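First up is the structure itself, then whatever we jot down about it.
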Amino acid sequence: MKTIWIVCAVLILAFGIGYQWNGVQDRDEFLEKLAIDVKEAPYEISDGRLDVFDCSNMSHLLRDYLYEKGYEAMIVLLTKYPVGHAYVIVYNRKREKTYIVESTLKKVYPKIPSFYWDKGAIIGDAEELLRFIPLKDWEEEWDYRNYIRKG
């Protein structure tokens, strides 16, 4: 009987069913669901092409997709990053945590590196930029309609 309990304990640890023995770190069910939803977003990262379907287009698509699924999601524009970058942030339901969603990798990061915050602007939706960018330029940089994967 003791052997069975040892085997069960080893399997639980090996397959990550429990995060820690002492329960200090609880499961983050919001993060787990968010990660699944991000992976199921209707685009493939392999479709990415610089200045065609890149971080801005992917972030816009991912933000709209997550928003439709009920998440409070926003786009962050890094204007002082070495080459410029866009990604998505998502707040949990109580706004206690903020998650970075790297749209070009379809990956969620539960801890936010500080350099992500001090060089960017948060926008609710890319359509807000139409006030500052001509439509043709906006479509080249932010439009994603041709890259949505069906099914």
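The values are calculated or read from the model by the stated rules, or taken from the named source; none is laboratory data. Small disclaimer: the values here were computed from a predicted structure and weren't measured. We place every Cβ from the backbone using ideal geometry, glycine too, and count neighbours over all the protein chains shown.
Name the single residue, out of those in the range 39-68 being in contact with a Lys or Arg (Cβ under 7 Å, 6 or more places away or on another chain) and either at pLDDT below 85 or not in a loop (DSSP other than H, G, I, E, B) (or both), that is farthest from residue 105 (Cα to Cα).
The qualifying residue farthest from residue 105 (Cα to Cα) is 39.
Of the candidates 6, 36, 75, the single residue that is modelled with pLDDT of 80 or more, more than 26 Å from residue 129 (Cβ to Cβ) and among the aliphatic types (A, V, I, L, M) is 36.
Restricted to the range 101-122, and to residues there that are at pLDDT below 90 and touching a Lys or Arg at 6+ places or on another chain (Cβ under 9 Å), the residue that is nearest to residue 66 (Cα to Cα) is 110.
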